[in-house]
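Written below as structure tokens is the structure these notes are about.
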Amino acid sequence: MFRSVGGVLHVENVSCVELVDELGTPLYVTSKAKLEENLRAYKDAFPDAGLLYAVKANNNLSIMRIVAKHGFGADVFSGGELYMALLSGFKPERILFNGNSKSDEEIRMGIRTGVKFSVDSLDELHSISEIAVGEGREVEIAFRINPSIDPKTHPKIATGLRTSKFGIPWENVIDAYRKALELPNVVPVGVHCHIGSQITELSPFVEALNRLFDVALKLEGMGVEVKFLDLGGGLGIDYEGRGAPTPKDFANAILPVFERRCRELKSEPELWLEPGRSIVGNTTILLTKVNAVKKSYKNFVAVDAGFNLLIRPAMYGAYHRVAVANKMDEPEEETYTIVGPICESGDVLAEDRRLPKVEKGDIIAIFDAGAYGFVMSSQYNGRPRCAEVLVDGDRWFVIRERESYYDLINKQIIPDFLL
Ligand code: LLP
């Protein structure tokens, strides 16, 4: 879906140079075909599982509509994500409301729309029960367990460690379920965990799945019918060109364990997964124009996108492949460090990369920017957010307009005495 045609990077059949001539930079560009390939790969690998797309990875409405049309449910982490998921066509019965700090307003919204909840604390359980009673509704819940597992990923995105803020320690969670059985209008039906993100070793998932079953067995002993076991998201993608497990590899690792351990249960739970990155990550590139090339301590290439638009390198030291979109066939002659326009030394997008000779006006493509890219953007340094484009074969569509300077001040109010 991303290839060189006559030395110019194309997304499907659309030239990146033409897109930039038409729409300017910076620009996020998504391939619809790549997205659909990823969705099909999950559905083929897990024909019987409940697949919930993790909205946090990319909440563009057009992209979410494609995901919803493929029959996916949604994992939402806030009232805002729930709002966007409903607008995108996800069915409430296939939405799980996650989160470790939900407000009463968010809980009420979730209950009114009829979604299920992953409950992170006893305080939250009490709030859900109380609000559900007030609303005259019953709510199906799972507890998020903290499985105390090291997923072998970046510490900032490891979420199932014993020390993490998420979930209830799996050894104590049975007390929480017992409490749930006592309270009105909450019905425990599942067990949930999410051990982290960008995980490329499969054994931690197997370990986590076993923890879910250990809890499920105890729940059955308490008379609970377990309808789902949700292993969360986290499957990594191949940022560095070194390979990463596919959904099929993931299925081969966990489905035999799932099937074997299901035999220990009377209930027939569904396996649920919450993939985000592995659905959208490699569907999208960020195009950014070179404003200046300068030789100082290093060969710096200063482009018009920085950590305001793609924070992953600055925040996690993440590696994203880069290429010169208008010089795809030229030999790699120099080593460059690509930096953004933000007034901080940490605003580095890619360090010490071999590239063709780069000049002012060239277009740099940053790959695998579809997950946790635009969604984590900001207006820092007074930079309006950029546009997003969806490519479908020969056609392209602007799916989010570029912000204007007015958008920088839109919600500000100047008190009368300052006018
Ligand atoms: N489910 C839950 C409860 C989550 O917290 C997450 C991600 C997912 C599913 C989806 O995980 P995925 O399949 O995308 O790995 N901003 C970081 C990643 C943060 C992940 C947060 N939770 C990054 O750019 O690497």
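In a Gaussian network model over the chain where Cα atoms closer than 10 Å are linked, find which of Ser296, Ser31, Ser103 has the largest mean-square fluctuation.
Among Ser296, Ser31, Ser103, the largest GNM mean-square fluctuation belongs to Ser296.
Given the chain, what percent of its DSSP beta bridges are antiparallel, to the nearest 5?
If I count the DSSP bridges inside the chain, around 50 percent turn out antiparallel.
Along the positive direction of the dipole of region 1-136 (beta-carbon charges: Lys, Arg +1; Asp, Glu -1; about the Cα centre), which of Asn100, Ser121, Ala45 reaches farthest?
Ala45
If you put +1 on each Lys and Arg Cβ and -1 on each Asp and Glu Cβ, how big is the dipole of the chain around its Cα centre, in Debye rounded to 20?
260
Amide H neighbours of Ser4 under 5 Å, counting only residues 5+ apart in sequence or on other chains, H built in-plane at 1.01 Å?
Excluding prolines and chain starts, which carry no amide H, the hits are His10.
I want to make sure I understand the PRE zone here: with the label point 7 angstrom from the Cα of Phe397 toward its beta carbon, which residues in region 32-52 have backbone N atoms less than 20 Å away?
32-40
Could you give each residue of region 395-408 its phi-based ³J(HN,Hα) in whole Hz, using Karplus coefficients 6.51, -1.76, 1.60 with θ = phi - 60°, and x for Gly or Pro?
9, 9, 9, 6, 9, 7, 6, 5, 6, 10, 4, 4, 5, 6
If you average the C-alpha positions of region 382-413 and of region 225-244 separately, how far apart do those two centres end up, in angstrom?
Answer, in whole Å: 30.
For the chain, with all protein chains present and a 1.4 Å probe, just round the carbon and sulfur fraction of the accessible area to a whole percent.
That fraction is 49 percent.
Multiply the residue gap between Leu122 and Ser296 by 0.36 nm, knock off their C-alpha separation, and tell me the result in nm, one decimal place.
57.0 nm
GNM on the chain, C-alpha springs below 10 Å: top fluctuator among Arg383, Arg263, Arg312?
Comparing Arg383, Arg263, Arg312 in the GNM, the peak value goes to Arg263.
Rounded to the nearest whole Å³, what is the per residue volume of the convex hull around the Cα atoms of region 65-162?
114
For region 243-258, what does the Karplus curve 6.51 cos²θ - 1.76 cosθ + 1.60, with θ = phi - 60°, yield as ³J(HN,Hα) per residue in whole Hz, taken in order and with x for Gly and Pro?
Computed from phi, the couplings for region 243-258 are x, 7, x, 8, x, 5, 4, 4, 4, 4, 7, 9, 5, x, 5, 4 Hz.
Out of every Cα pair in the chain, what percent are spaced more than 27 Å from each other?
54
Read phi for every residue in region 99-109 and hand back ³J(HN,Hα) as whole Hz from Karplus 6.51 cos²θ - 1.76 cosθ + 1.60, θ = phi - 60°, with x for Gly and Pro.
So the J values, rounded to whole Hz, are x, 9, 8, 8, 7, 4, 5, 5, 4, 4, 4.
Just Gly346, Gly136, Gly50 to compare: in a GNM of the chain, with alpha carbon springs under 10 Å, which one fluctuates most?
Of the options given, Gly136 has the highest mean-square fluctuation.
Measuring with a 1.4 Å probe in the full set of protein chains, what accessible area per residue, in whole Å², belongs to the chain?
I get 44 Å² per residue for this part.
Would you mind checking which residues have amide H under 5 Å from Ser88's amide H? H placed 1.01 Å from N; only 5 or more apart, or other chain.
Amide H neighbours of Ser88, under 5 Å, 5+ apart: none.
Please list, in chain and number order, the residues 5+ apart from Leu161 or on another chain whose amide H is under 5 Å from its amide H, with Hs placed from the backbone.
Ile149
The values are calculated or read from the model by the stated rules, or taken from the named source; none is laboratory data. This one's a predicted model, so the numbers in the text were calculated from it and none came from an experiment. Neighbour counts are summed over all protein chains in view; Cβ atoms, including those assigned to glycine, are modelled from backbone coordinates with ideal geometry. Note: areas computed on protein heavy atoms with side chains; ligands, DNA, RNA excluded. Shrake-Rupley method; radii C 1.70, N 1.55, O 1.52, S 1.80 Å.
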